[in-house]
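*Asks:* Mind having a look at this structure? Questions to follow.
The values are calculated or read from the model by the stated rules, or taken from the named source; none is laboratory data. The structure presented is a predicted model; accordingly, all values stated were derived computationally and were not measured. All Cβ positions, glycine included, derive from the backbone under ideal geometry; neighbour counts span all protein chains shown. With ligands, DNA and RNA removed, areas are computed over all heavy atoms of the protein, side chains included. Shrake-Rupley method; radii C 1.70, N 1.55, O 1.52, S 1.80 Å.
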Amino acid sequence: MKVRLAKEVAGILPSFSLGVIHYTDVTVSTSPKMLQGRINLFVESLRLEHELSQITEIAGVQHWRSVFKRLGIDPGRYRPSSEALLRRLLQGNAFFWINSAVDVNNFFSILQALPYGIYDEAQIQGDVVCRLGQATDVYQGLNGREVHMEGKLVLADELGAFGSPIVDSKRTPVSEESKQLMQVIFFHEQLTLPEREEIMGTTARMFTEINGGLVSSSYIVTG
């Protein structure tokens with residue numbers, strides 16, 4: 001399975017990239033108490049350090065809102081998933097526990113203020129491209145709504161769009177039966193290459209510590 005960045009995206013965002021990590025033989029389960037404790041502690045510190053009214057001062061939030069504006073997407077209407085998660089937590093809502101893979105994914109998304117996606121490779125058909133959505137790119141989102149992705153940044157395979165830095169589809173979510181996973185980190189342009197590599201390394205180490213398995217490949221996709 002290959003992942004590439006469409007020329008149309010690279011033309012608008014020349015320094016934009018994706019961090020892609022493929023995992024094999026993982027064991028997805030309920031998140032262990034250790035992970036839950038670490039995440040809850042981080043959420044508490046997040047609330048102490050940031051006010052909801054000042055969320056756009058968080059560097060990652062600020063930079064991703066800029067990315068959306070350059071793509072012609074209204075970040076007030078369609079928020080990056082990382083900002084949506086941060087807003088929910090700063091509003092006083094509890095961290096939403098799903099499973100050990102998704103929980104680690106969401107933890108890193110709020111830690112780094114970057115959109116993260118985690119997908120069951122068994123549900124992906126063929127190679128993957130990050131492109132701008134077309135009129136036919138409509139899917140049932142994990143938020144329970146039908147989402148129309150025309151003009152928005154999406155991940156698509158042979159069957160069409162399944163992922164996005166806004167909301168992912170119900171076609172490719174990770175469950176406790178999933179064994180082969182693909183994780184995608186949506187990097188904004190302000191991060192240096194060493195910073196991107198460090199984020200990927202830290203993410204992969206913690207992910208396999210919690211979920212077992214191996215990193216079969218890890219790479220950065222550029223235009």
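*Asks:* Would the range 20-34 turn up any residue that is crowded, with 19+ Cβ neighbours inside 10 Å, part of a helix (DSSP H, G or I) and touching a Leu at 6+ places or on another chain (Cβ under 8 Å)?
*Replies:* Checked the range 20-34: no residue is crowded, with 19+ Cβ neighbours inside 10 Å, part of a helix (DSSP H, G or I) and touching a Leu at 6+ places or on another chain (Cβ under 8 Å).
*Asks:* Do you know which of the residues in the range 3-40 that are among the small types (Gly, Ala, Ser) and touching a residue at least 24 places away in the same chain (Cβ under 8 Å) is farthest from His188 (Cα to Cα)?
*Replies:* Ser29
*Asks:* For Ile55, indicate whether it is open to solvent by less than 20 Å² (accessible area, probe 1.4 Å), farther than 27 Å from Asn211 by Cβ and either part of a helix (DSSP H, G or I) or of a type in the set (Ser, Thr, Tyr) (or both).
*Replies:* So Ile55 passes the test.
*Asks:* Moving on to the next point. Going residue by residue through the range 148-158, is there one that turns out to be open to solvent by 10 Å² or more (accessible area, probe 1.4 Å), more than 21 Å from Ile21 (Cβ to Cβ) and in contact with a Lys or Arg (Cβ under 9 Å, 6 or more places away or on another chain)?
*Replies:* no
*Asks:* Within the range 35-45, is even one residue within 21 Å of Gln134 (Cα to Cα), in a helix (DSSP H, G or I), of a type in the set (A, V, I, L, M, F, W, C) and open to solvent by 50 Å² or more (accessible area, probe 1.4 Å)?
*Replies:* No, there is no match, as no residue in the range 35-45 is within 21 Å of Gln134 (Cα to Cα), in a helix (DSSP H, G or I), of a type in the set (A, V, I, L, M, F, W, C) and open to solvent by 50 Å² or more (accessible area, probe 1.4 Å).
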